[in-house]
Amino acid sequence: MRFNGGGAVRILGLAAIVACGAGAAQAQQIVEFRLRGPSGANDEYVRVHNQTGAPMTVAASSGGGWAIVASDGVARCTIPNGTVLAAGGSFLCANSVAYSLGGIPSAVADATYTTDIADNAGIALFDNDAGNYSLATRLDAVGSNSEVNTLYKEGVGYQALTPFSIDYAFVRDRCGKGGSITASTACTSAGAPLDTDANAADFVFVDTNGTSAGAGQRLGAPGPANRTAPASGGSTFTTALLDTCSAANAAPNAVRGFLSDPANNSTFGTLDLRRTFTNTSGAPITSLRFRIIDLTTFPAPSGYADLRPRTSTDVVVAVDRTPCGSGTSNATVAGTTLLQPPSQPNGGGFNSVLTVPSVTAGTPLAPGASIDVRFLLGIQQDGTSRFAVVAEGAPTGGGVFEYCDGADCPAPPTPTPVPTMTEWAMILFGVILAGGAALHIQRRRRFA
């Protein structure tokens, strides 16, 4: 971690994408899936996503709804006609024989099936469940380069996996850098799932051990979500520094801790990021969480930080806010919880979710209200660090926060100076003196 070098913080809103925005081929996407898991070949799921900024009602071209179909031609799930998918919301289809991630309410399947989808097989979403499965009725598809039926993949397909029964997932890139651990540029997709009609470019392989299984290697986690899960559509949340009078990469906005804690994936201490998020949706937010879309993590090469997102508790912090220099006040910064299952013994990574337990239906975040939030990252290796999340909320979410610190990070924006109370007094005194002098000159001219 180099807090004395270059540093940058970039705060983005997720623009509403009504149909096919930049880099988005379809409004309805297969956004995440896996075809086996720790419980074996049947520990699988497919997550369909409404990637627009408006609610979407399912209306099939024929039959009872949209079908999720494997390349064997057999439909696994139907999304029924009349189903409303929230802006940025999801529908979860899972194999009930061995699906192992339903231990939290937001990951319980909306529909189930019992016939295994083979490893590396293709999957497609069609606008009907009446058997009319063709390119004309296909809404989206994803498959490996070993899938021979091109109807069930886009482009050449993702790199076929060596089958391991691990907690993995393929997820759409939501940053625009292909899951790179070493690219220090800012995200280009503003949190929207990438869809360029090329599965190899659009999907990123993640797993909880950073396994090399043939399709890239990075620490991360499956993050299945159903219709009730917090959504990311729109630009609900704006972000600001916790302490607007301090630099983005300086305390209390970013705090470097040096206590070694190997048991919590913090061998070289921690990086504690604090920000203020404001609800601009016009509706109360009853659930708030953040999905990680960019991170320097395992297996980071030398020169790049290996960060491990972890659970944190509330903390009280002294802050200096505008007008700067007028004194400090105490702010309670809400902790975040690493969402499990899946179990993440190595800490969080790409696609991991950090929830804010203090935001609930009983204690919602009111329209226009703000909440101070912290992200605690264990450090397993020092170096250039990057961290980016997209906000997910109920009933709506959206908005991206990015942090980068290191010599090769984008240059930080130059803040607009805000006068301190002492400086305001000097300015006022100067104005009074100038006014008095002008009045004196005017009087002398009048009586000359």
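Summary table below
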quantity: Unique match (being in the same structural domain as A130 (by TED's automatic domain parsing), under 12 Å from T115 (Cβ atoms) and surrounded by fewer than 16 Cβ atoms within 10 Å (Cβ to Cβ)) among V74, V84, V97; calculated: V74
quantity: Residues being of a type in the set (D, E, K, R) and outside any strand (DSSP E or B) - total across the range 71-98; calculated: 1
quantity: Selected residue [within 30 Å of C187 (Cα to Cα), small (G, A, S) and over 19 Å from the mean Cα position of the chain (by Cα)] from G37, G102, G65, G82; calculated: G37
quantity: Number of positions in the range 59-69 that are surrounded by 20 or more Cβ atoms within 10 Å (Cβ to Cβ) and either in contact with a Lys or Arg (Cβ under 6 Å, 6 or more places away or on another chain) or in a loop (DSSP other than H, G, I, E, B) (or both); calculated: 2
quantity: Residue list for the range 331-350, restricted to those being aliphatic (A, V, I, L, M) and in a loop (DSSP other than H, G, I, E, B); calculated: L339
quantity: Residue in the range 351-383 that is farthest from S235 (Cα to Cα), counting only those that are part of a loop (DSSP other than H, G, I, E, B) and aliphatic (A, V, I, L, M); calculated: A361
quantity: Residues that are outside any loop (DSSP other than H, G, I, E, B) and under 29 Å from T267 (Cα atoms), drawn from the range 308-330; calculated: R308, P309, R310, V315, V316, V317, A318, V319
quantity: Test: residue in the range 100-120 that is among the acidic types (D, E) and in a strand (DSSP E or B); calculated: no
quantity: Filtered residue count, the range 160-200, keeping only those that are under 23 Å from S39 (Cα atoms) and either basic (K, R) or in contact with a strand residue (DSSP E or B) (Cβ under 9 Å, 6 or more places away or on another chain) (or both); calculated: 10
quantity: Residue that is nearest to T244 (Cα to Cα), among those in the range 356-415 that are polar (S, T, N, Q) and touching a residue at least 60 places away in the same chain (Cβ under 8 Å); calculated: S370
quantity: All strands (runs of 3 or more DSSP E) inside the range 153-256 with 2 or more residues being in contact (Cβ under 8 Å) with a residue 60 or more places away in the chain and more than 19 Å from E44 (Cα to Cα); calculated: 237-241
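So that you can scan it fast, the table gives a plain yes or no per residue for (1) touching a Leu at 6+ places or on another chain (Cβ under 9 Å); (2) closer than 27 Å to S281 by Cα; (3) without any contact (Cβ under 8 Å) to a residue 12 or more places away in the chain; (4) of a type outside the set (A, V, I, L, M):
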site: G64; (1), (2), (3), (4): no, no, no, yes
site: T78; (1), (2), (3), (4): no, no, no, yes
site: G82; (1), (2), (3), (4): no, yes, no, yes
site: L92; (1), (2), (3), (4): no, yes, no, no
site: S96; (1), (2), (3), (4): no, no, no, yes
site: D110; (1), (2), (3), (4): yes, yes, no, yes
site: D119; (1), (2), (3), (4): yes, no, no, yes
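So that you can scan it fast, the table gives a plain yes or no per residue for (1) surrounded by fewer than 23 Cβ atoms within 10 Å (Cβ to Cβ); (2) modelled with pLDDT under 95; (3) more than 20 Å from N249 (Cα to Cα):
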residue	(1), (2), (3)
R274	no, no, no
P284	yes, no, yes
F298	yes, no, yes
Y304	yes, no, no
A334	yes, no, no
G347	no, no, yes
L354	no, no, yes
D372	yes, no, no
I379	no, no, no
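The values are calculated or read from the model by the stated rules, or taken from the named source; none is laboratory data. Given the structure is predicted, the values throughout are model-derived calculations rather than measurements. All Cβ positions, even for glycine, are placed from backbone atoms using ideal geometry, and neighbour counts span all protein chains on display.
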